[in-house]
1. Return the residues of the range A:136-163 that are among the aromatic types (Phe, Trp, Tyr), at pLDDT below 80 and surrounded by 13 or more Cβ atoms within 10 Å (Cβ to Cβ); say none if nothing qualifies.
2. Look at residue B:38 and say whether it is within 14 Å of another protein chain (Cβ to nearest Cβ) and among the aromatic types (Phe, Trp, Tyr).
3. Can you tell me which of A:105, A:110, A:166 is modelled with pLDDT of 85 or more, small (Gly, Ala, Ser) and out of contact with any strand residue (DSSP E or B) (no Cβ under 6 Å at 6 or more places or on another chain)?
4. Any residue in the range B:15-35 that is at pLDDT below 90, surrounded by 15 or more Cβ atoms within 10 Å (Cβ to Cβ), in a loop (DSSP other than H, G, I, E, B) and within 14 Å of chain A (Cβ to nearest Cβ)?
5. Among the residues of the range A:271-291, which ones are of a type in the set (D, E, K, R), within 21 Å of residue A:197 (Cα to Cα) and within 35 Å of the chain's Cα centre (by Cα)?
6. Read through the list (1) within 30 Å of residue B:242 (Cα to Cα); (2) of a type in the set (A, V, I, L, M); (3) modelled with pLDDT of 90 or more, then give the number of the only condition that residue B:105 fails.
7. Quick one: in the range A:267-283, of everything that is of a type outside the set (A, V, I, L, M), surrounded by 10 or more Cβ atoms within 10 Å (Cβ to Cβ) and free of Cβ contacts under 8 Å to residues at least 24 places away in the same chain, which residue is farthest from residue A:235 (Cα to Cα)?
8. Going by what's in this entry, would residue B:275 be described as under 21 Å from residue B:218 (Cα atoms), over 21 Å from the mean Cα position of the chain (by Cα) and assigned to a helix (DSSP H, G or I)?
Amino acid sequence: MNKVTFGSYYHSNSIIHKLDPRIKIISIILLMVGIFLIPIEAIYMFFILLGLLLIFIILSKVPFGKFLKSIKQITFLLLFSFIFQIVFNRTGTVVATYSINISIGTIATGVLVYTIYAFIKKFVKFKMTLFFMMFILEIIIFKYALIDQSFFNYSLNIYSNGLHTGFYILIRVLLLVVMSSLLTLTTKPTDMNVALEYLLSPLELLKIKTSIFAMMMSISLRFIPTLFLETEKILKAQASRGVDFKESKLGDKIKQIVSLLVPMFVVSFRRAEDLSNAMEVRGYIPGAKRTKLNELKIKLRDILSLVVVVLLFGLCITSLILVKVGVL
Amino acid sequence: MGISFQNVDFSYYGYSKRKKYPNILKDICVNISGQSEFVAIVGHTGSGKTTFTQLCNGLNLPTSGVVSVMDLKLTHKFDGALKPIRKKVGLVFQFPEYQLFEETVLKDVAFGPSNFGYTKEESIKLAKKYLGLVGLSEDLFERTPFTLSGGQMRKVAIAGILACEPDVLIFDEPTVGLDGKSKKELMNLLKVMNEEYHKTIIIVTHNMDVVAEFTKRVLVFNEGSIVCDKTPVELFNDSKTLAKYSLDLPEVSRLAVMMKEQGLIDFDQVPFTTLSLAKLLGGKYE
């Protein structure tokens with residue numbers, strides 16, 4: 001039953017893990033705003049940020065693969081925005097020209113390559129790599145392997161600004177993703193929750209009870225794995241009554257989903273009721289002042305890291321001002 | 001026919017050639033016939049009892065080895081339809097009342113049979129039959145299951161499995177959380193199913209009195225293996241095994257042993273059921 005894990009927290013005992021979660025959240029927000037302030041002319045700023053981020057990652061002792069995994073999730077978005085810029089941005093000077101010949105011969109070879117890919121992909125594990133290899137092969141085919149008369153000729157010009165902007169967007173999104181995964185990988189969901197409660201506490205002045213929301217958040221985080229287990233149990237119980245999601249007709253499927261949903265609701269309501277009673281018995285009053293078991297304290301390392309982040313933020317603003325004034 | 005386990009290993013991490021995961025069940029070999037057996041499964045929490053029951057009807061597939069259920073061989077590669085197995089082997093979970101969902105009791109019980117291909121009328125007929133058998137009065141048939149008491153809800157849930165008419169019935173701690181009267185009714189129902197309908201009944205239990213009184217065979221689980229496969233009388237006479245796996249004697253036997261120590265009665269064979277103690281005491285109890 002260890003399948004159910006929530007969040008991406010990676011346990012370690014590094015300096016980054018020990019930092020105050022409030023400081024971490026503030027730093028991430030500052031850096032994110034900073035990234036958006038950096039103008040395209042000051043693209044080298046990104047490399048400074050990237051270098052610092054690398055140092056943070058090494059300090060956090062989180063394996064590199066964890067970050068790659070979060071990048072992998074947005075590969076499509078990154079590639080799409082990059083290719084979009086290259087194809088449609090037509091300012092600046094022409095850097096390269098690609099001519100694509102479309103003929104019956106090239107289409108046929110393209111289809112052939114795709115069929116081979118579809119056939120091989122069942123047997124190999126590195127599907128993504130294989131796909132890219134085939135993709136490149138196809139580009140080469142479309143460019144050079146002109147077997148018969150081409151009936152359509154398309155030439156794609158790549159402009160310098162398109163390349164520039166595409167790269168600018170790519171690295172910006174990459175930085176944002178790595179930064180936010182650094183936060184979630186090194187901060188426990190519960191700590192994050194406590195920190196959010198602190199940071200949102202000014203809202204109490206507007207008569208919004210942030211402590212209640214924080215409690216709600218932590219309870220729901222706590223109960224996600226429990227409800228997962230409960231669902232699995234009910235699923236199995238209904239399976240022994242002949243519920244089979246794989247093989248039944250659509251009409252039956254709807255009924256079978258109901259047979260899962262109703263018990264789920266019953267169980268969660270019961271749990272909620274029991275929990276609220278248990279909390280009340282132990283003296284919980286919504287919105288009342290509570291003391292904390294783990295009081296967050298700002299230490300020297302927190303202040304130091306905040307100073308570093310504020311300096312970086314300042315650097316971002318300076319680069320913006322310098323570009324706007326026209327110095328750079 | 002029946003259920004047979006051949007060198008079955010099971011791990012919740014699934015099958016893997018390269019890595020060796022800790023197994024919940026280790027090298028299980030056991031045969032349970034599909035007719036008229038009454039088997040008790042005892043053992044500590046976490047000894048693999050529940051996992052074993054879930055292997056019996058294909059809810060879990062073995063990591064290695066073969067589970068044969070009614071001529072169907074289940075291995076880690078099995079990819080066929082599991083429905084026929086679930087039709088033959090009915091599994092009643094712990095706290096089965098959580099599986100109720102329909103608007104009326106009758107509809108809920110008929111849900112199982114209709115899934116297994118019975119027509120609407122047949123399902124309702126089966127539902128009525130088994131609701132009667134578990135002893136639920138007819139005026140409750142049209143009630144919403146959620147308004148029933150805990151004991152009644154459990155009866156409905158059990159009827160829901162019985163109505164699928166499986167050959168083998170597996171109960172995971174059926175008497176937990178029931179009052180004395182309901183407990184007795186439930187166990188008598190199982191006895192009827194076993195003796196009159198010739199069903200094989202497998203129960204997971206911690207209650208040794210139930211084991212002594214009703215079952216004909218006991219499987220003792222310890223850390224994922226079956227360490228003992230005997231009749232209840234043989235097991236309770238084997239004080240070494242009992243001590244080794246810290247199993248209790250039935251309450252009745254403990255009482256009898258205590259009475260012997262006090263010099264109140266004398267016997268060579270410890271009585272394991274209420275009836276045998278009563279016979280010992282009075283000699284004329286019928």
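The values are calculated or read from the model by the stated rules, or taken from the named source; none is laboratory data. What you see is a predicted model, and the numbers here were worked out from it, not measured in a lab. Here the Cβ is made from the backbone with ideal geometry for all residues, glycine too, and neighbour counts use every protein chain on show.
1. Quick first cut of the range A:136-163, residues among the aromatic types (Phe, Trp, Tyr) only: A:142, A:144, A:151-152, A:154, A:159.
Narrowing the set further to residues that are at pLDDT below 80 leaves A:142, A:144, A:151-152, A:154.
The answer is A:142, and nothing else.
2. Details: within 14 Å of another protein chain (Cβ to nearest Cβ): no; among the aromatic types (Phe, Trp, Tyr): yes.
In short, no.
3. On the way: A:105 fails: modelled with pLDDT of 85 or more; A:110 fails: modelled with pLDDT of 85 or more.
Residue meeting the stated conditions: A:166.
4. Within the range B:15-35, one or more residues are at pLDDT below 90, surrounded by 15 or more Cβ atoms within 10 Å (Cβ to Cβ), in a loop (DSSP other than H, G, I, E, B) and within 14 Å of chain A (Cβ to nearest Cβ).
5. A:290
6. Only one criterion in (1) within 30 Å of residue B:242 (Cα to Cα); (2) of a type in the set (A, V, I, L, M); (3) modelled with pLDDT of 90 or more is unmet by residue B:105, namely (1).
7. Within the range A:267-283, the first condition is being of a type outside the set (A, V, I, L, M), and the residues that meet it are A:268-271, A:273-274, A:276-277, A:280, A:282-283.
Pick out the ones that are also surrounded by 10 or more Cβ atoms within 10 Å (Cβ to Cβ) and you get A:268-271, A:273-274, A:276-277, A:280.
Filter once more, keeping what is free of Cβ contacts under 8 Å to residues at least 24 places away in the same chain: A:269-270, A:273-274, A:276-277, A:280.
Details: A:269: 18, A:270: 18, A:273: 23, A:274: 23, A:276: 26, A:277: 28, A:280: 32 Å.
Of everything passing the filter in the range A:267-283, A:280 is farthest from residue A:235 (Cα to Cα).
8. Values: under 21 Å from residue B:218 (Cα atoms): yes; over 21 Å from the mean Cα position of the chain (by Cα): yes; assigned to a helix (DSSP H, G or I): yes.
In short, yes.
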